[in-house]
Amino acid sequence: MHAQKFSPTMHKVKLIAKRFSYFDLSLVRFITTELTRGYFLEHNEAKYTERRERVYTCLRIPKELEKLMTFGFFLCLDAFLYVFTLLPLRVILALLRLLTLPCCGLSGSRLLQPAQVCDVLKGFIMVLCYSMMSYVDYSMMYHLIRGQSVIKLYIIYNMLEVADRLFSSFGQDILDALYWTATEPKEKKRAHIGVIPHFLMAVLYVFLHAILIMVQATTLNVAFNSHNKSLLTIMMSNNFVEIKGSVFKKFEKNNLFQMSNSDIKERFTNYILLLIVCLRNMEQFSWNPDHLWVLFPDVIMVIASEVAVDVVKHAFITKFNDISADVYGEYRASLAFDLVSSRQKNAYTDYSDSVSRRMGFIPLPLALLLIRVVTSSVKIQGSLSFMCVLLFYLGMITLKVLNSIILLGTSCVFVKEANMEEKLFNPPPSVVSSRANSRAHHTKHDPTSPAQGSTAPRLTTCDSDTFLTTPDEEDDGKIINANTGLEGDRTPKKDLLEIDRFTICGNRID
């Protein structure tokens, strides 16, 4: 009876002990398994290889980007030096031809060639705008800006950056309209308001854009001369805000090309602004070379922040959009193609204008401001000063010629490596497009053309026509009609060589 009384209790005790021993054994097995279990990365080799290639792409971006930036910088420098060196000489030659033709008799239907007309217009614009800029007091503008609060100056500087991009986008259109209006064949029907209104618009644009850049340079000068450097720090932090606005957007190769051109133009403009700031500060300190070392750390800090922002921005854009680092070589080849094509006999634009259309860098306002600052900062007195100015001018011409020769040779190498030689002898893309559109329009209204229900043959394109074109994704490249199974009409993507307009937006360029 006593053994039967305690048997259920003993049974429960044994069961609990068994469970605890099983729990201890399972816990040890689990810990052992966690410490000794393995896995094989080769089971997902493609995924890990792709991740490694992304890392390598990010590591290659700084080198490839800086190669593009360096090439673009010297392109902008070549167009900028052209305004100071060869443009005055070309204007003088055009005016001499204009003055000597009545004595020698007219040998043709044109007094001046179209390129000479454009050069004379540029010269007149520079002379008129410089005379207007002489009435602008830089010192009064400096003290007016310096009296503002830091936050207000930060807002003003951001507004000036946006205005500069808008001016750059629309300014080249104004200049192109003036050049075409002045050189358009007379036998064509007049469809414009006249050369003089276009010339006045161009003068007003160059003057206003130069004033805008002057305010930018003055604000940067105030930031350099502030005691606590808070404004300079805020303006530098504004560059990092650009990363937020660009990295998390969808980019394709054409959009990235536009952004790269904009970054090249922005970096070159910042270098000129820093040069203007240094000139103004050195003038205030009687050209004391010791003060230059005071400005040197701030200048290096601004340049380093600009380079760091560009590298980080492009690295993450290429990462998020699966763009290879080799695309910067294609961009470099496209810029080189512009330089080489402007040296051909069938060239349809000047090289400086080509850079303006491609990058949005218009050298006239920036050159006008630099001339204004240099003439007000450097006093020329005596024959020795004039000799120094003449030697400096000859040195600039030498630098321009040397830079042009090196750029032309380098560009020929890039064009040859990209297999773009055959495009040098083709008509401009706009001419090809206009001819295709005219043929399509003629076919549409031709009564002998096939009926609308019949399928018209599509125009075939060679491989060179699609060079440097952003490839479509598999699902994005075609619009399929679910009922008929026919491929819908869609405008083909633009070749990089056809994108000759500076765009600010990050939207898709089809």
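Points to keep in mind about this one:
- First in the stretch 386-412 and open to solvent by less than 90 Å² (accessible area, probe 1.4 Å), second anywhere and hydroxyl-bearing (S, T, Y), Cβ under 8 Å, 6 or more apart: Y393/T85; M396/T85; I397/T85; K400/Y82; K400/T85
- Residues being of a type in the set (F, W, Y) and either out of contact with any Ser or Thr (no Cβ under 7 Å at 6 or more places or on another chain) or under 21 Å from N270 (Cβ atoms) (or both) - total across the stretch 348-369: 2
- Any hit, the stretch 214-230, residues being in contact (Cβ under 8 Å) with a residue 24 or more places away in the chain, open to solvent by 40 Å² or more (accessible area, probe 1.4 Å) and part of a loop (DSSP other than H, G, I, E, B): yes
- Scanning the stretch 343-366 for residues that are of a type in the set (G, A, S) and within 19 Å of the chain's Cα centre (by Cα) gives S352, S354, S356, G360.
- Cβ pairs under 7 Å, 6+ apart, first in the stretch 308-330 and over 28 Å from K416 (Cα atoms), second open to solvent by 10 Å² or more (accessible area, probe 1.4 Å) and among the small types (G, A, S): K313/S246; I317/S246
- Test result for Y271, in a helix (DSSP H, G or I) and under 28 Å from R372 (Cβ atoms): yes
- Number of residues in the stretch 34-64 that are among the polar types (S, T, N, Q) and in contact (Cβ under 8 Å) with a residue 60 or more places away in the chain equals 1.
- Note on the stretch 309-334: among residues that are over 23 Å from V355 (Cβ atoms) and among the charged types (D, E, K, R), the one that is most open to solvent (accessible area, probe 1.4 Å) is D322.
- For the stretch 284-308, a residue qualifies if it is of a type in the set (D, E, K, R) and open to solvent by 50 Å² or more (accessible area, probe 1.4 Å), and exactly one does: D290.
- Number of positions in the stretch 239-260 that are part of a loop (DSSP other than H, G, I, E, B), among the hydrophobic types (A, V, I, L, M, F, W, C) and open to solvent by 30 Å² or more (accessible area, probe 1.4 Å): 1
- In the stretch 159-188, the residues that are part of a helix (DSSP H, G or I), under 22 Å from K122 (Cβ atoms), free of Cβ contacts under 8 Å to residues at least 40 places away in the same chain and open to solvent by 20 Å² or more (accessible area, probe 1.4 Å): F170, D173, I174, A177, W180
- With respect to the conditions (1) open to solvent by 80 Å² or more (accessible area, probe 1.4 Å); (2) free of Cβ contacts under 8 Å to residues at least 40 places away in the same chain, K67 falls short on a single one, namely (2).
The values are calculated or read from the model by the stated rules, or taken from the named source; none is laboratory data. Everything quoted here is computed from the prediction, not taken from an experiment. Positions of Cβ are backbone-derived with ideal geometry, glycine not excepted, and every protein chain shown enters the neighbour counts. Protein only, heavy atoms only, side chains kept; ligands, DNA and RNA dropped before computing areas. Shrake-Rupley method; radii C 1.70, N 1.55, O 1.52, S 1.80 Å.
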